[in-house]
Every structure is written in C-alpha cells, then in structure tokens.
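Shown next, in structure tokens, is the structure this report addresses.
The values are calculated or read from the model by the stated rules, or taken from the named source; none is laboratory data. As the structure is a prediction and not an experimental result, all values here were calculated from the model. As a convention, Cβ positions derive from the backbone with ideal geometry for all residues, glycine included, and neighbour counts pool all protein chains shown. These area figures cover heavy atoms from the full protein model, side chains too; ligands, DNA and RNA do not enter into them. Shrake-Rupley method; radii C 1.70, N 1.55, O 1.52, S 1.80 Å.
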Amino acid sequence: MVNDLRSRLSIPPDRLDAINSVLLDSETRLINDFLAVVAKYGTPEEINQQANDARQMPALLEKVKASRPEYLEDLLWLEEQRKQQAFITIADYRQKVLGEKAAQIKFNEDCSVTLEVSGTQYFPWIILAAKRALKQRTLMPSRYIKVRKMKEQEADGDLPAIAAAMQIIGATYVDTLDTKGTDGSNIHLGGPETITGYFGGIGQPNEYALKWLEEYLYYYTNYGVRQVLNINPGTVFLGYMLHRIGVDIEFKISVFMGNDNPYAAFWTLLGAKLFSRDDGSSPLVGFNWSNSINNETMEITAQFRTDFGFEDIIRFEHHITETYKSIVIQPYNRRDELIEIASHVPNISAKHEGADPEIDSTRPHPSDILDYFRDKDEIIASGDWDHLTQNYLDKIDATNKTAWALTEAGLSFIAATNLHL
C-alpha cells in the first residue's frame with residue numbers, strides 16, 4: 001500500500017516538457033522581461049568580467065580613495081596584521097580553551113561550523129572588532145551579513161571598504177539590496193505599527209522583482225558584489241534563472257522567507273535543483289531557517305540536501321542569537337542545540353544577530369532589528385552610535401562564545417580563514 005502511494009508521486013517527463021515550453025516560448029513575457037533587464041548589462045560573460053574586474057583589490061582601493069581616503073590606512077593596517085600572522089591560530093585557540101589536552105583531541109573537521117555575524121553595517125566596526133581580537137586573542141568570524149541601505153554605504157565609502165576588508169581577512173559577505181517592501185513598495189508596511197505586513201514577507205510587489213534584478217546587476221558589475229540577501233519567492237526564481245544563463249550570482253535566503261519545516265525546504269531546494277547548472281552548482285548558497293525550527297527539521301532536510309548534491313553548496317544558516325528587541329520572544333539562545341546537531345550535520349552556519357540575552361538585557365540600548373533601517377546620520381544625531389557599536393561588539397563576543405562551546409565539545413569551526421591559520 002505504502003509503495004503504491006509512493007509511486008504515485010513520480011513526475012512524468014511531459015511535466016518538464018510543459019515547463020520548458022513556457023520558458024522557451026518567445027512570447028512568454030515573464031521571461032522576455034527578465035532577459036531584457038540582463039541585456040542592459042551585456043552578455044553573461046561580459047557581466048561576469050565586469051564583476052571580476054570590479055572586485056580586484058586595486059579597483060576597490062581606488063573607490064575607497066575617492067570616497068573615504070582615511071579608510072585606506074585602516075585597510076593597510078589590516079593587511080599588515082594578516083601578513084604578520086598576528087591573529088591567534090586555530091591550534092593556539094584550542095589550547096586556550098582546552099589546555100594541553102587539545103593536542104590529543106581529533107576535531108571533527110567534516111562538520112565545521114561557519115562563524116557568522118549580522119548586521120555588519122559599518123566599516124569602522126570591522127577594524128574595531130579586529131583590534132579587539134588581537135588584544136583579547138579571540139576570533140574574527142568568517143561570514144558577515146550587511147543590512148544597510150546600499151546607496152548610503154556606497155556614498156560614504158563603506159561598500160568598497162568592507163569588500164576589500166573581506167578579501168583581506170578571508171571571509172564571505174552578503175549585502176541586502178534596497179529594492180524591498182520597506183522602501184514603500186509594500187502598501188502593508190508603514191513602519192513598526194504595520195509590522196503585520198511582514199506576515200506575507202517583506203515583499204517585492206509587482207515590478208519590484210525586476211528592479212531587484214537590475215539593482216543586483218548594478219552592484220555586481222560596479223563593485224563585484226556577488227552574494228545578496230533574498231527575501232521573496234519571485235526574486236529567488238530570478239536568481240535561479242540568472243545563474244542558469246551564466247551570471248555567477250550567489251544569494252542566501254532570509255529568515256523572513258519563513259522556511260520553518262522540511263517540506264518548505266524541499267520546495268525551495270527543488271527549484272534549486274531544477275535550475276542548477278550542468279556542473280551541479282546553484283546560486284543558493286545560504287539557507288536561513290525560520291527561528292522556530294528545531295534540530296529534527298535540519299536533520300530531515302540534510303538527507304535530501306545530500307541527495308540533491310547540495311551538501312557542500314547550500315549552507316544551513318541558523319540563528320544562535322537574535323536581536324533583543326523587535327523580532328523574537330526573549331530569551332533566545334540556540335547554542336546548546338547547535339552543539340547537538342553540529343556533530344553530524346555538515347555545512348551549518350551559526351548566525352549571531354544579537355548578544356547573549358543576559359548581556360543584551362543589561363545594555364542601555366539593547367540590540368534592535370529596527371536599527372537596521374535607520375539612516376546613519378540619524379543614528380549619530382540621536383546619540384546612538386556608541387550604543388549600536390557596543391551591540392555589534394556584543395555580537396562578536398557571542399560568536400566567540402559559540403566557538404568556545406564548539407571547541408569544548410570537540411567540534412570544529414571556520415573563522416576568518418586568512419587570519420586564523
């Protein structure tokens with residue numbers, strides 16, 4: 001009986017023929033509009049070349065020099081520290097945690113957890129965090145999420161400066177494009193008082209999906225920005241298609257997408273598989289779970305992630321801490337659950353969006369997700385700059401607490417790869 005029911009799930013080849021007929025029909029406006037946006041920037045090969053040129057260090061430093069020359073000194077300092085191998089090594093960090101017994105432990109490198117922090121809004125925060133890491137002999141994360149207005153960070157020079165810093169330290173980073181419902185396009189969102197608009201996702205309604213595509217291509221070709229946050233099923237699909245035709249886009253799916261069960265994950269990865277390239281690659285490289293999922297959901301999903309050939313491609317990104325205000329019920333800390341699953345499910349990222357709650361609760365300005373949407377000038381004028389800086393350093397501390405806990409459990413982590421050898 002069970003096998004008979006299972007056999008009914010088989011998808012006949014003609015279903016794929018029907019999909020291809022829509023994709024390849026020269027009258028399909030959905031695809032025509034997508035291709036028209038891409039054509040503005042050239043062929044996929046030309047687009048990739050522009051991006052590769054833009055992300056070269058000399059090109060980034062020229063942009064920094066033009067917009068914020070004082071950042072050059074900080075970047076040179078960071079590069080010098082890297083060359084001098086001034087940061088704590090992984091071996092020395094393990095000895096710091098475990099003492100002499102660290103040399104006898106065989107750490108599970110197959111399931112190394114990526115250390116991730118969000119939101120990395122401003123370049124000076126990276127330098128401040130690096131100086132603290134040197135002084136305290138602690139770790140710099142290997143993955144940084146930015147949730148700041150693109151035009152603002154482009155104007156003040158943080159965009160190329162952070163891109164350069166990421167190359168120096170050996171880390172990946174993700175930008176959040178401006179084309180989303182919080183820009184006024186979603187009529188349900190007018191601020192915190194209309195937060196119920198998020199129940200349908202932040203949104204990129206109507207023509208905004210194509211605006212998101214065009215915005216991506218602008219920052220990809222001008223700054224080499226490869227990885228961006230993706231918050232809408234339509235723009236996820238655009239990302240799949242853009243990668244399929246040859247543009248080397250990468251993206252991570254946001255927590256706001258609400259993937260909170262393995263069936264939702266299967267649907268998302270199914271699309272990734274359908275539009276993967278012939279080499280098996282997919283632009284979906286980060287899969288941010290809903291805050292409500294448990295370890296079993298990740299374990300179930302890990303099975304078909306492997307079956308699809310995505311185990312090394314699609315990272316599970318899981319919030320260990322969250323901002324203290326405006327997003328989850330506190331206290332929220334999933335570190336113990338991470339330790340349980342990290343021993344057997346590979347390619348997980350431990351994302352730290354807030355301090356440990358017992359720390360955040362004592363701050364005069366606890367971390368707040370709504371701070372991500374504030375203008376820099378307003379933050380400074382309000383006197384909150386130092387508060388937000390402290391919030392960020394608290395997130396770095398939370399990341400280090402996770403690395404410490406993983407080490408105590410005999411588990412491995414990935415810190416900034418050029419700094420912690």
If you check every pair at least six apart or on different chains, which have Cβ atoms under 9 Å apart with a residue in region 14-28 that is farther than 13 Å from PHE275 by Cβ first and a residue that is open to solvent by 80 Å² or more (accessible area, probe 1.4 Å) and part of a helix (DSSP H, G or I) second?
VAL22/LEU30
Complete set of residues in region 57-74 that are open to solvent by 60 Å² or more (accessible area, probe 1.4 Å) and either without any contact (Cβ under 8 Å) to a residue 60 or more places away in the chain or aliphatic (A, V, I, L, M) (or both):
PRO58, GLU62, LYS65, ALA66, PRO69, GLU70, GLU73
For region 248-275, enumerate the residues that are in a loop (DSSP other than H, G, I, E, B) and in contact with a strand residue (DSSP E or B) (Cβ under 9 Å, 6 or more places away or on another chain).
ILE249, SER254, ASN259
Considering only region 170-179, I want to know if a residue exists there that is touching a helix residue (DSSP H, G or I) at 6+ places or on another chain (Cβ under 7 Å) and modelled with pLDDT under 95.
yes
Mind checking whether some residue in region 263-285 is under 28 Å from GLY354 (Cα atoms), touching a helix residue (DSSP H, G or I) at 6+ places or on another chain (Cβ under 8 Å) and open to solvent by 30 Å² or more (accessible area, probe 1.4 Å)?
no
Evaluate region 252-260: report whether one residue or more is open to solvent by 30 Å² or more (accessible area, probe 1.4 Å), of a type in the set (Gly, Ala, Ser) and touching a residue at least 12 places away in the same chain (Cβ under 8 Å).
yes
Turns out the helices (runs of 4 or more DSSP H) fully within region 1-97 with at least 2 residues that are touching a helix residue (DSSP H, G or I) at 6+ places or on another chain (Cβ under 9 Å) and more than 25 Å from PHE237 (Cβ to Cβ) are 44-54, 57-67, 70-83
Check MET150 against each of (1) under 19 Å from ALA350 (Cα atoms); (2) open to solvent by less than 10 Å² (accessible area, probe 1.4 Å); (3) touching a strand residue (DSSP E or B) at 6+ places or on another chain (Cβ under 8 Å) and name the one condition it does not meet.
(1)
Just give me the residues in region 286-303 being farther than 28 Å from ASP175 by Cβ and exposed (fewer than 15 other Cβ atoms within 10 Å of the Cβ), in sequence order.
ASN294, GLU296, GLU299, GLN303
Output for region 206-247, where each listed residue is outside any helix (DSSP H, G or I) and free of Cβ contacts under 8 Å to residues at least 60 places away in the same chain:
ASN206, GLU207, GLN227, VAL228, ASN230, ILE231, ASN232
By residue number, the members of region 359-405 that are over 30 Å from PHE107 (Cα atoms), in contact with a His (Cβ under 8 Å, 6 or more places away or on another chain) and surrounded by 19 or more Cβ atoms within 10 Å (Cβ to Cβ) are LEU388, ASN391
Being of a type in the set (Gly, Ala, Ser) and open to solvent by less than 10 Å² (accessible area, probe 1.4 Å) is the filter; apply it to region 208-249 and report the residue that is farthest from GLN153 (Cα to Cα).
GLY239
I'd like to check which helices (runs of 4 or more DSSP H) are fully inside region 349-417 and have at least 2 residues that are closer than 19 Å to LYS96 by Cα, under 19 Å from the mean Cα position of the chain (by Cα) and among the small types (Gly, Ala, Ser).
385-408
